[in-house]
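Structure in structure tokens, see below.
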Amino acid sequence: MELIRGKDVAAAMTEKVAAEVQRLQETGHRAPVLAIVRIGERPEDLAYERGANTRMKKCGITVESHVFPEDVAEETFLKAWEEINARETVDGILLFMPLPKQIDTGKVIAKMDPAKDMDGITTINQGKIFRGEKDGYAPCTAEAVMETLHFAGIDVKGLETVVVGRSNVIGKPVSMLLLSEHATVTICHTRTKDLQAELKRADLVVACAGVAEMIDGSMIKEGAIVMDVGINGRADGSICGDVKTESLEGIAALATPVPGGIGSVTTSVLADHVLRAFCAGQSDNR
């Protein structure tokens, strides 16, 4: 079984984005700008923000951090949020979710500029993904699955594909992205009656249910490709995916590990989105 390492995918994407940003700056353009908006101090948000900052720096993208206390009043946050969205020098925005209970998430998303929505949370971007339109922004993790498949040279056209998970962040959008490249997609979840039977016929499995090691080699078809998107904490503080990776040995043809797999690609997709948004903005201003 061959493991597809996320760092290799991320490095290739980063090199491409950095080269294009450098070319733009050499022709007189400013650096693209990403605004990161965070409420509170959740450890997972802080970890992702550190990773995003590192990736943007490698790509030549400027980062603005807008941090608010956990108990920020809705009125205060919405005023600042509108200002960030309206700022012409901000090309893309990454908003950490979920928002605290005193803030109406629907109001926040409704006020977000879809052209700056780098993680595909607005209705317009979700609709574009559903319709197969190429000018929208998919959630970064869902797109990271596709970038990893492309890097590995896997053509999904006609592949029997099972996506295990139905969230708006990964399961649903990655299913739409796979469909747009002509995969035959079945969406399963934790309440699917006979998950093993569904998995056994799959040429490609995308595991994104968020349940630690719920899938093992006995459930996988010989020669299948397994993309593990799950990130789950163990009692000892380590993390694991939705798949028991070691149990795939001798069964799967290709797989992504956790850690070191799809998650490593996500910030590179984010950088690519910011570059796309910057270029689209420059075109609109001509």
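Hey, what angle do you get for helix 266-284 against the long axis of the chain, alpha-carbon based, 0 to 90 degrees rounded to 10?
40
Continuing with the same structure: What fraction of the DSSP beta bridges in the chain is antiparallel, stated in percent and rounded to the nearest 5? If you can, show how the numbers build up before the last one.
Numbers: 2 of 32 bridges.
Restricted to the chain, the bridges split so that about 5 percent are antiparallel.
In degrees from 0 to 90, rounded to the nearest 10, what is the angle of the helix 43-59 Cα long axis to the longest principal axis of the chain?
70
Please check: in the Gaussian network model of the chain (C-alpha springs, under 10 Å), which one of Glu44, Glu133, Glu82 has the largest mean-square fluctuation.
Taking springs between Cα atoms under 10 Å, the residue moving most is Glu44.
How many percent of the alpha carbon pairs in the stretch 13-165 exceed a separation of 18 Å?
Working: 7644 of 11628 pairs.
Roughly 66 percent, once rounded to a whole number.
Same structure again: Within a 10 angstrom radius of the beta carbon, how do Asp203, Asp71 rank from fewest other beta carbons to most? Numbers along the way, then the final one.
Details: Asp203 18, Asp71 9.
The most exposed by this proxy come first: Asp71, Asp203.
While we're looking at this one, here's another question. With a/c under 1.5 counting as rounded, go ahead and sort the chain into rounded, prolate or oblate using the C-alpha gyration tensor (a ≥ b ≥ c being the square roots of the eigenvalues; past the cut-off, prolate if a/b is larger than b/c, else oblate).
On the way: a/c = 1.83, a/b = 1.52, b/c = 1.20.
Prolate, because a/c is 1.5 or more and a/b exceeds b/c.
Would you work out if the stretch 12-91 is rounded, prolate or oblate? Take a ≥ b ≥ c from the square roots of the eigenvalues of the alpha-carbon gyration tensor; rounded if a/c is under 1.5, else prolate when a/b is larger than b/c, oblate otherwise.
Details: a/c = 4.50, a/b = 1.63, b/c = 2.77.
Oblate shape, in that a/c is at least 1.5 and b/c is the bigger or equal ratio.
If I take R0 = 25 Å and measure r between the Cβ atoms of Asp236 and Lys101 in this structure, what FRET efficiency does the formula 1/(1 + (r/R0)^6) give, to the nearest 0.05? Write down the numbers at each step before the final one.
On the way: r = 31 Å, r/R0 = 1.25.
That gives a FRET efficiency of 0.20.
Based only on other Cβ atoms within 10 Å, what is the fewest-to-most ordering of Thr190, Thr245? Each step should come with its number before you reach the end.
On the way: Thr190 12, Thr245 22.
Least crowded to most crowded, the residues run Thr190, Thr245.
Something else: As a footprinting exposure proxy, order Glu143, Glu181, Glu88 by other Cβ within 10 Å, with the fewest listed first.
Numbers: Glu143 24, Glu181 16, Glu88 8.
Result, fewest neighbours first: Glu88, Glu181, Glu143.
Now, a different point. Round to the nearest 0.05 the FRET efficiency obtained for Asp8 and Asp194 when R0 = 45 Å and r is the Cβ-Cβ distance. Mind showing how you got there, number by number?
Numbers: r = 36 Å, r/R0 = 0.79.
Efficiency computed from Cβ-Cβ geometry: 0.80.
Ok, one more. Take the chain, connect every pair of alpha-carbon atoms lying under 10 Å apart with a spring to form a Gaussian network, then pick out the residue of Ile187, Ile93, Ile170 with the largest mean-square fluctuation.
In this elastic network of the chain, the residue with the biggest mean-square fluctuation among Ile187, Ile93, Ile170 is Ile187.
What are the lysines whose alpha-carbon lies under 30 Å from the alpha-carbon of Lys157, with same-chain residues fewer than 8 places away excluded?
Lys7, Lys16, Lys128, Lys134, Lys172, Lys193, Lys200, Lys221, Lys244
Please label the shape of the stretch 92-135 as rounded, prolate or oblate, based on the square roots a ≥ b ≥ c of the eigenvalues of the alpha-carbon gyration tensor (a/c under 1.5 means rounded; beyond that, a/b larger than b/c means prolate, else oblate).
prolate
Read-outs throughout are calculated quantities, based only on the coordinates presented, and are distinct from any laboratory measurement. Since the model is a prediction, treat every value here as computed from it, not as a measurement. When we count neighbours, we look across all protein chains shown, and the Cβ atoms used for this are built from the backbone with ideal geometry, even at glycine.
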